[in-house]
Amino acid sequence: MNSDNTSILQYQKPPKEILDLVDISFPPMIRLDSKAKNMILIYRDSYKSIQELSVKELRLGGLRIDPKTNISSRIRYYNNISIQKTHEKKTVPVSGLPDHPNLAYFGLSPDEKKMAFTHTTIKGVELWVLDIEKATAIKLTEDCLNANMGIPYVWSRDSEHFIVKRIPSDKIDLIEPENVVPIGPTISENLEGKKAQNRTYQDLLKNTYDETNFEQLVRSELYKVGLDGKKTLWKEAAMYKGVSFSPNGEFLFLTEIQRPFSYLVPYGRFPFSLDLYQEDGTKIKNLLQVPLIEDLPQGFMAVRKGRRNVSWRLDQAATLFWVEALDEGDPSNEVDYRDEVLEENLMVPTQEPRSLFKTKNRFYSIDWGNEEYAIAYDYWWNTRNIKAYLFQPNDPQQNIEIIYDRNYQDLYNDPGNFILEKNKWGKHVLVIDQKHLYLQGTGYSEKGKNPFIDKMDMNGFQKERIWTAPYKDKLELIAAAIDIRKGKIITRIESPDEYPNYHIRNIFEKEKTPSPLTLFENPFKSMEDVQKEIIHYTRKDGVELSGTLYLPSGYQVKKEGRLPLILWAYPKEFKDKDSAGQTTQDPNEFTYPHYGSPIFWVNRGYAVLDNASFPIIGENEQEPNDTFIEQLVANAKAAIDYLDQQGCIDPERVAVGGHSYGAFMTANLLSHSNLFAAGIARSGAYNRTLTPFGFQSEERNLWEAQNIYLNMSPFMHAHKMKTPLLIIHGEADNNPGTYPMQSERYFNALKGLGATVRLVMLPKESHGYVAKESILHMLWEQDRWLEQYVKNKLEKN
């Protein structure tokens, strides 16, 4: 193929060293019940095929839909299920599964005796139920469910029936706009002068034909379906977004999308109503009527006015709670309190809604416990602050106490998450052991992860560490707490060459070895002897940096000399240097070469620095992006200088690569430094004037920070590009800001200015790549680029 021409190349495969690591079968997904009695193993193919990815797809309002089967066109299917008792070693295949299974949307019943799932036929979506004890599956409905907006069923509280979304009987044929003669132009206007500063969303509605098709595809009739398959119409057709039962199952609320639709924002910000019903379908009242939201105030902390986050108190039979903004949803307004949380007990209909508490910052969430204890959280993105409060739901007049007030990016001092358990309604609430709560944490430190469990006294919040992961040469992460009062937990144990497996451990039996639940083997045998190390080095301004260094098996500096290096990273913004210098990596993590990983190339004779720290810091009044380029180059130079001093890499043969914002980083590094021999940029954005109302963690718009947008845009510095750059992008990228045009326009600019560049557009792929053919070809492209412009650079010259 001539490098100056555009052409179609058949899918290629990478060399054997890489292919052997990709062409494998992965262990199954695991589902455990809350008591860890039964383990459900769910299997799927490692990758989709390009044929599967090529089904007809409609992109409407932020959804991607297969209009033939009425389910997401991007869904990943599973194809087999088996059951294993946790005290036994044998697995029992589930009988009764459909032929050629396309399984999705798995959901345990509240009593955990059954699991529902969907199966997609060539015509549509069916509902199936698995009896876990018998390991048998049966079909409950025909292929008539509507899964275009996600999971199409909800279990009832008694585990005896479902509310399901069915394709309406009055659904009309979809419009094919390309076959319609237009009757006039599409008009958008802003006659009232409102500011509508929105991100660059994709797959939006574009015209009235899209509006009609969207409505037809999301409309559903709601049916009550029993475990015997009997069905009755529960609610007539409408655009139902969600159904939520109260903990006791006597009430539920429905979220219904309404017109007018928008051509600026996805369906999540379309108008909707929230209506309260009895379980038998009798409407009680309207809870909420939300208009179209196109004009939120500026900033990540902006929210809409009125009630939001309507949900159920998980510790009560049927109590609703919600949040209301006290600053009109505008973070620029100076107020004492940002939000107020209120509740309404439906079991006492004469009781008026009451206020529970107000938050200094924006409400985040609540861990419910009981009438006496619950924990609330608020946060503020601009300062990276999060607070946790202990409050008494039965006495909202009492002062709430601050448990912690901290920087959520400060991982070394992260106290962990409060441990939850299922209550009598099957909802997760705080484990309250007399006057104590329990926390589980990852235990980040400079040396790696050291997971722990603490017991906290609610009087004074003093903590006692009751367990720490004991291994020095393995990583043991807490997967779930089964009965923390008795010390029973599920952990996941792994090492660089030991595939992660689940175990049952009792934290009070410290001398006893945990019992394995799974015995998955390492599918990446050829990487078992790869050398792995967490390295630490310092940026010129004193910021501590780190990364995971991989070296080929058996490699010795003195014998084999310096290696070509692949540096792979993703920038992250911080508001302080201390947090920016912390590492989240662990030397005992399993070496897992996922499809987009650079680790494959260790087996091709490269050194690889993966997850290299690339902090972008803006302290006090300074924003991180004010010095983005300078910090980017300083991060890269620190890594290369350190490895050069160690003698293991050749500084003249270094490649840099990244995906999404990492691709943006790559293009900027090649434009503003001479540190690299080549670059690989996947699914990136390169012209920030095309994302004028913010990107990544940038709140300011283009007109407020014009120099920042222009200086950070590689497109604006295309004339500086002197380094070979491989650009890869999915043709159907739907990530906000990284639409395919970004790569196409950037390639045209680079080519027009004489740069060495190659653009690879992967058919049908989105922001992440899923078809096996695409992944193998991507790896082939990257390998050729690295071999030509990095490994063999000196030989070529």
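The values are calculated or read from the model by the stated rules, or taken from the named source; none is laboratory data. The model shown is predicted, which means the values in this text are computed figures rather than measured ones. Note: ideal-geometry Cβ built from the backbone for every residue, glycine included; neighbour counts use all protein chains shown. Only protein heavy atoms, including side chains, enter the accessible area calculation; ligands, DNA and RNA are left aside. Shrake-Rupley method; radii C 1.70, N 1.55, O 1.52, S 1.80 Å.
May I ask you to list the residues in region 494-543 that are open to solvent by 40 Å² or more (accessible area, probe 1.4 Å) and in contact with a helix residue (DSSP H, G or I) (Cβ under 8 Å, 6 or more places away or on another chain)?
497, 526, 538, 540, 541, 542
From the list 719, 729, which residue is over 20 Å from residue 616 (Cβ atoms), crowded, with 22+ Cβ neighbours inside 10 Å and not β-branched (Val, Ile, Thr)?
Among 719, 729, only 729 is over 20 Å from residue 616 (Cβ atoms), crowded, with 22+ Cβ neighbours inside 10 Å and not β-branched (Val, Ile, Thr).
Can you tell me which residue among 603, 635, 620 is open to solvent by 20 Å² or more (accessible area, probe 1.4 Å) and out of contact with any helix residue (DSSP H, G or I) (no Cβ under 7 Å at 6 or more places or on another chain)?
The conditions single out 620.
Which ones in region 700-717 are of a type outside the set (A, V, I, L, M), within 19 Å of residue 570 (Cα to Cα) and either part of a loop (DSSP other than H, G, I, E, B) or touching a Leu at 6+ places or on another chain (Cβ under 7 Å) (or both)?
709, 713
State yes or no: is residue 31 in contact with an Asp or Glu (Cβ under 6 Å, 6 or more places away or on another chain), surrounded by fewer than 21 Cβ atoms within 10 Å (Cβ to Cβ) and over 30 Å from residue 601 (Cβ atoms)?
Spelling it out, it is not the case that residue 31 is in contact with an Asp or Glu (Cβ under 6 Å, 6 or more places away or on another chain), surrounded by fewer than 21 Cβ atoms within 10 Å (Cβ to Cβ) and over 30 Å from residue 601 (Cβ atoms).
Which of the residues belonging to region 361-383 are farther than 17 Å from residue 302 by Cβ and either of a type outside the set (Gly, Ala, Ser) or open to solvent by 20 Å² or more (accessible area, probe 1.4 Å) (or both)? Talk me through it step by step, then tell me what you get.
As a first pass, look at region 361-383 and keep what is farther than 17 Å from residue 302 by Cβ: 365-377.
Selection gives 365, 366, 367, 368, 370, 371, 372, 373, 375, 377.
Among the candidates 755, 771, which residue alone is hydrophobic (A, V, I, L, M, F, W, C) and without any contact (Cβ under 8 Å) to a residue 60 or more places away in the chain?
Result of the check over 755, 771: 755.
Those residues that are over 21 Å from residue 739 (Cα atoms), among the charged types (D, E, K, R) and open to solvent by 30 Å² or more (accessible area, probe 1.4 Å), I need them from region 749-783; list them, please.
Selection gives 772, 773.
Looking at 629, 617 in this structure, which one is within 18 Å of residue 713 (Cα to Cα), modelled with pLDDT of 95 or more and not aromatic (Phe, Trp, Tyr)?
It is 629.
Determine whether region 26-42 contains at least one residue that is under 27 Å from residue 782 (Cβ atoms) and either within 26 Å of the chain's Cα centre (by Cα) or assigned to a strand (DSSP E or B) (or both).
Within region 26-42 (the criterion being under 27 Å from residue 782 (Cβ atoms) and either within 26 Å of the chain's Cα centre (by Cα) or assigned to a strand (DSSP E or B) (or both)), the answer is yes, since at least one residue qualifies.
Given 474, 463, 449, 455, which one is under 23 Å from residue 403 (Cα atoms), touching a residue at least 40 places away in the same chain (Cβ under 8 Å) and among the basic types (Lys, Arg)? Spell out how you get there, then give the answer.
Details: 474 fails: under 23 Å from residue 403 (Cα atoms); 449 fails: under 23 Å from residue 403 (Cα atoms); 455 fails: touching a residue at least 40 places away in the same chain (Cβ under 8 Å).
Just one listed residue meets the conditions, 463.
Being outside any strand (DSSP E or B), of a type in the set (Phe, Trp, Tyr) and open to solvent by less than 50 Å² (accessible area, probe 1.4 Å) is the filter here; which residues of region 459-474 pass it?
Hit for region 459-474 is 461, nothing else.
Given the condition part of a loop (DSSP other than H, G, I, E, B), in contact with a strand residue (DSSP E or B) (Cβ under 7 Å, 6 or more places away or on another chain) and either over 30 Å from residue 68 (Cβ atoms) or at pLDDT 90 or above (or both), answer yes or no: does some residue in region 177-198 qualify?
The answer is no; no qualifying residue exists.
Could you tell me whether residue 389 is surrounded by fewer than 18 Cβ atoms within 10 Å (Cβ to Cβ), in contact (Cβ under 8 Å) with a residue 12 or more places away in the chain and closer than 30 Å to residue 574 by Cβ?
The answer is no for residue 389.
Being out of contact with any Lys or Arg (no Cβ under 8 Å at 6 or more places or on another chain) and open to solvent by 30 Å² or more (accessible area, probe 1.4 Å), is that true of even one residue in region 318-326?
Initial filter on region 318-326 (out of contact with any Lys or Arg (no Cβ under 8 Å at 6 or more places or on another chain)): 318.
From the residues that got through so far, the ones that are open to solvent by 30 Å² or more (accessible area, probe 1.4 Å) too are none.
No, region 318-326 contains no residue that is out of contact with any Lys or Arg (no Cβ under 8 Å at 6 or more places or on another chain) and open to solvent by 30 Å² or more (accessible area, probe 1.4 Å).
Filter region 208-219 for residues that are open to solvent by 30 Å² or more (accessible area, probe 1.4 Å) and β-branched (Val, Ile, Thr); which is nearest to residue 66 (Cα to Cα)?
Selected residue: 212.
Being more than 16 Å from residue 496 (Cα to Cα) and either without any contact (Cβ under 8 Å) to a residue 40 or more places away in the chain or of a type in the set (Ser, Thr, Tyr) (or both) is the filter here, so list the residues in region 585-599 that pass it.
Residue satisfying the conditions is 595 alone.
Among the listed residues 227, 205, identify the single one that is surrounded by fewer than 19 Cβ atoms within 10 Å (Cβ to Cβ), in contact with a strand residue (DSSP E or B) (Cβ under 7 Å, 6 or more places away or on another chain) and at pLDDT 95 or above.
Going through 227, 205 in turn, the sole match is 227.
Return the pairs, sorted by first residue and then second, in which the second residue is basic (Lys, Arg), the first residue lies in region 146-171 and is in a loop (DSSP other than H, G, I, E, B), the beta carbons are less than 6 Å apart, and the residues are 6+ apart or on different chains.
146/165; 152/165; 168/219
Are any residues in region 127-145 open to solvent by less than 30 Å² (accessible area, probe 1.4 Å), under 15 Å from residue 226 (Cβ atoms) and touching a residue at least 40 places away in the same chain (Cβ under 8 Å), and if so, which ones?
Once the filter is applied, which keeps residues that are open to solvent by less than 30 Å² (accessible area, probe 1.4 Å), under 15 Å from residue 226 (Cβ atoms) and touching a residue at least 40 places away in the same chain (Cβ under 8 Å), region 127-145 yields 127, 129, 140, 141.
Out of the residues in region 732-748 that are open to solvent by less than 20 Å² (accessible area, probe 1.4 Å) and hydroxyl-bearing (Ser, Thr, Tyr), state the one that is farthest from residue 715 (Cα to Cα).
This residue is 738.
What is the residue count in region 718-744 for residues that are closer than 30 Å to residue 792 by Cα, in contact with an Asp or Glu (Cβ under 8 Å, 6 or more places away or on another chain) and either of a type in the set (Asp, Glu) or part of a helix (DSSP H, G or I) (or both)?
0
Can you find, within region 652-670, the residue that is nearest to residue 778 (Cα to Cα) among those that are out of contact with any Gly (no Cβ under 8 Å at 6 or more places or on another chain) and open to solvent by 10 Å² or more (accessible area, probe 1.4 Å)?
This residue is 653.
Residue check, residue 565 against (1) over 25 Å from residue 37 (Cβ atoms); (2) out of contact with any Pro (no Cβ under 6 Å at 6 or more places or on another chain); (3) open to solvent by 10 Å² or more (accessible area, probe 1.4 Å); (4) in contact (Cβ under 8 Å) with a residue 40 or more places away in the chain, all met but one. Which one?
The failed condition is (3).
Here are some conditions: (1) open to solvent by less than 50 Å² (accessible area, probe 1.4 Å); (2) among the polar types (S, T, N, Q); (3) in contact with an Asp or Glu (Cβ under 6 Å, 6 or more places away or on another chain); (4) in a loop (DSSP other than H, G, I, E, B). Residue 553 meets all but one. Which one does it not meet?
(1)
If I go through region 316-358 residue by residue, how many of them are among the β-branched types (Val, Ile, Thr), under 26 Å from residue 427 (Cβ atoms) and without any contact (Cβ under 8 Å) to a residue 24 or more places away in the chain?
2
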